[in-house]
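J.: Input: one structure, supplied below.
Please treat every number below as a calculation from the coordinates, not as lab data. Worth saying up front: this structure is predicted, and the values here are computed from it rather than measured. When we count neighbours, we look across all protein chains shown, and the Cβ atoms used for this are built from the backbone with ideal geometry, even at glycine.
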Amino acid sequence: MKLGARILKTGIAITLALVLAKYLGSPSPIFAGIAAIFAIQPSIYRSYLTVLEQVQGNVIGALLAVVFVLIFGNNPFIIGLTAVIVIGINLKLKINNTIGLALVTVLSIMESTSDHFVLFALIRFSTILLGVLSAFAVNLIFLPPKYETKLYYKIVYTTEEIIKWIRISMRQATEYTLLKADISKIKDQIKRMDQFFDFYKEERTHSKKNRYVKSRKLVLFRQMIVTTNASYKILKLLHRLENDILHLPKNMQDLITSEIECLLGYHEHLMLKFIGKIKVQQTEPIADEACTGRRALIHAFMQQRLQEEDSDNKAVYHLFPVVAAILEYSDHLDHLETLIDSFHSYHKDINEFQIEDEPELE
């Protein structure tokens, strides 16, 4: 079993919260540990937002709990009513993520009606707030996430998987059900890739120069993701229309296969150029005039369409999405190469990727 950074940070945050709560003399340190669980986040910026929201949500929960206990007591009906009101207020303020911990605050405070109830409520609230701050400190100091590295390797891994399955699919060398299962897994990887991009986008930069560099990187990473999605679209179409493609004339099949294979090689070439393993000035045909069979493919498709119209066979129309997807994939690759060349050709002294050794992908 592999333990990701977030799992380790959660354990460290719980430990820190419990130790601090005991050191400060809290009678119920367990609530600090519970708060730390709710407050741990995958990025520093989200952790900062969580602290702000959790403080708001817990202040609302604590105030309402104190007021309702002082006025109505703490019978189960009153506790339930308080919880409903706290949920409604948090939803109205659009701080939905704070509801769970706010309710913990309500329950922890409303369990007592002692003579020193207000002091008791203040201690419980402070204990929970200590847990939130402990989680933020851990996220800030221990194992800070490097989403530039995570995002790059997630894109590389997902792209390699798609390219592998496209090549296997074109050779009709896989079982239909097995490929269907792997396509579903790749879809999950793409969702995770988008999530890493969002986390990377949220990371703060403190200088104007770094903000410009970050903006250029974001544009480049976004185009890499768009291009990977275009290749994923081709994989799904090849899988879904496998039978239709097999019934095409041999020359049409060869055109589709050769064009896709060329685009896959082009994609691999650009992934290497992206990290500087291939020079920008490289002038091999694949970089300068990538996959010029597009025009021949369109011409062959139109010819096939006309022939099948004469014979009242409309099966060729099912293949129109494949041809369109190939052209779209090609356009995205061309645009990606333009962005990569521009990135590496200008501002060389500051345009550098901070990509480290491959991390454990959460």
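J.: Cut-off 20 Å, label point 7 angstrom out along Cα-to-Cβ of residue 112: give me the residues of segment 50-74 whose amide nitrogen falls inside.
T.: 58-74
J.: Name the residue farthest towards the positive end of the dipole of segment 83-186 from the options 122, 178, 96, assuming +1 on Cβ of Lys and Arg, -1 on Cβ of Asp and Glu, about the Cα centre.
T.: Result: 178, furthest along the dipole toward the positive end.
J.: What does the net charge come to around residue 218 if you take all other residues with beta carbon closer than 12 Å to its beta carbon, with K and R at +1 and D and E at -1?
T.: +2
J.: Calculate the FRET efficiency for residue 85 and residue 8 from the Cβ-Cβ distance with a Förster distance of 41 Å, rounded to the nearest 0.05.
T.: It comes out at approximately 0.65.
J.: Hey, what D do you get for segment 95-179 in µm²/s if you plug the Kirkwood alpha-carbon radius into Stokes-Einstein at 10 °C and 1.306 mPa s?
T.: 88 µm²/s
J.: Using the beta-carbon distance between residue 250 and residue 215 and R0 = 35 Å, what value does 1/(1 + (r/R0)^6) give for FRET efficiency, to the nearest 0.05?
T.: Computed FRET efficiency for residue 250 and residue 215: 0.10.
J.: So which of 146/201; 187/214; 185/233; 94/214; 180/250; 9/146 end up more than 20 Å apart, counting from Cα to Cα?
T.: 187/214; 94/214; 180/250
J.: Could I ask something else about it? I'd like the trypsin sites (Lys or Arg not before Pro) in segment 89-180 restricted to DSSP loop residues with at most 14 other Cβ atoms within 10 Å, sorted by number.
T.: 94, 171
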